[in-house]
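Data first, discussion second: the structure below is written as structure tokens.
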Amino acid sequence: TNNVQQLLLSGMTCASCVASVEKAIKPVAGVESVNVNLAERTALIAGSPNIEQVIQAVKDAGYGAEVSE
Ligand code: 9UX
């Protein structure tokens, strides 16, 4: 199955931030692909990672993240 999870991000102000967040999320175990939208402040993550590990990776990169319902 191809599950998609969404995060709401904070702290991104430019396109390079988008690249930084994507680079942080991609190597997390279980992530198949990630798409960050600067205007929407969302990250769409395909695959089956532990979402708390994804959130921690974003925070380690200097941004905020929470699960978007
Ligand atoms: Mo842009 Mo983001 O100059 O951390 S890279 S603000």
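Since every read-out is calculated from the coordinates, none of them should be taken as a lab result. Given the structure is predicted, the values throughout are model-derived calculations rather than measurements. Here Cβ is always computed from backbone atoms with ideal geometry, including for glycine, and neighbour counts include all displayed protein chains.
Summary table
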item: Degrees separating the helix 15-25 axis from the principal Cα axis of the chain, which is the longest one; result: 30 degrees
item: Listed residues Ser48, Ala24, Leu9: farthest to the positive end of the dipole of the chain (Cβ charges); result: Ala24
item: Per-peptide average of other Cβ atoms within 10 Å, ordering 2-8, 53-59 highest first; result: 53-59, 2-8
item: Leu44-Ala15 pseudo-label distance in nm [points 7 Å out on the Cα-to-Cβ vector]; result: 2.0 nm
item: Per-selection Kirkwood Rh - the chain (Cα, Å, 1 d.p.); result: 11.5 Å
item: Between helix 51-60 and the chain: long-axis angle, C-alpha atoms, 0 to 90°, nearest 10; result: 30 degrees
